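Nothing in this text is a laboratory measurement; each read-out follows from the coordinates by a stated rule. Small disclaimer: the values here were computed from a predicted structure and weren't measured. With ideal geometry, Cβ positions are generated from the backbone for all residues, glycine too; neighbour counts draw on all protein chains shown.
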Amino acid sequence: MPTFKAIKLAEEASLDLVEVAPNAEPPVTRIMDFGKFLYAQAKKEREARKSQKQVEVKEIRIRPKTNDHHTMFKVKNARGWLEDGNKVKVRVRFRGREITYPEVAMEQLQEIANGLADVATVEQAPQMDGHTMLMVLAPKKS
């Protein structure tokens, strides 16, 4: 229908002519109350936001000299966080001359990744960031 006819119909009904699908060929419009339309759209967005789950990023920090018992204790915590759906950032901090042996930290991070392989995937591979080496683990999709 021609645009001027649609506008005339909308005015007669004391409603608005609203373009619903501008990308369609030809563009799709409706005769409706625009205020109600905006309210309904905002309400849908609020409901969608309510049902979204906010993903937190938890962090465990270790050092190259951290012994296996303490590391495994922290890995156990990380496992719980991953099962809850949170991401885990594993950070190895170097102090002093420890930074000359990054392979030790890389080994530790690989061990942690292998230990959590059943519940997590490596989202960000281990990389140096100043005096730290970090890796990000994300929960596996079930």
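Some points to look at:
- Residues of type lysines that Lys74 reaches as a straight line, Cα spacing below 17 Å, ignoring anything fewer than 8 places off in the same chain: Lys58, Lys65, Lys87, Lys89
- Note that the range 120-128 has calculated 3J(HN,Hα) couplings of 9, 10, 7, 7, 10, 5, x, 8, 6 Hz, one per residue in order, obtained from phi through the Karplus relation 6.51 cos²θ - 1.76 cosθ + 1.60 (θ = phi - 60°); glycine and proline are x.
- The range 94-142: Cα Rg divided by the 2.2 N^0.38 Å rule of thumb: 1.26
- A dipole drawn for the chain from +1 and -1 charges on Cβ atoms has a positive end, and of Phe94, Ile7, Pro139 the residue lying farthest that way is Phe94.
- For Lys43, the lysines whose Cα comes closer than 23 Å to its Cα, not counting residues fewer than 8 places off in the same chain, are Lys53.
- Distant-in-sequence amide H partners of Glu59 (H built 1.01 Å from N, under 5 Å): Lys89
- Across all Cα atoms of the range 57-139, the radius of gyration (one decimal) and Dmax (whole number) stand at 11.8, 37 Å.
- Computed from point charges on the beta carbon alone (+1 for Lys and Arg, -1 for Asp and Glu), the dipole magnitude for the chain about its Cα centre is near 580 Debye.
- Whole-Hz couplings from phi, Karplus 6.51/-1.76/1.60, listed for the range 51-65; x for Gly and Pro: 7, 6, 9, 7, 8, 8, 10, 8, 9, 10, 10, 9, 10, x, 8
- Ranking Val57, Ala105, Asn23 by how far each Cα lies toward the positive end of the dipole of the range 1-108 (charges on Cβ) leaves Ala105 at the top.
- Correct choice for volume of the Cα convex hull per residue in Å³ that was computed from the model, options [x] 175; [y] 306; [z] 102: [x]
- Shape of the range 3-51, Cα gyration tensor, a/c cut at 1.5: oblate
- Charge context of Arg93, other residues only, Cβ under 10 angstrom, K/R +1, D/E -1: +3
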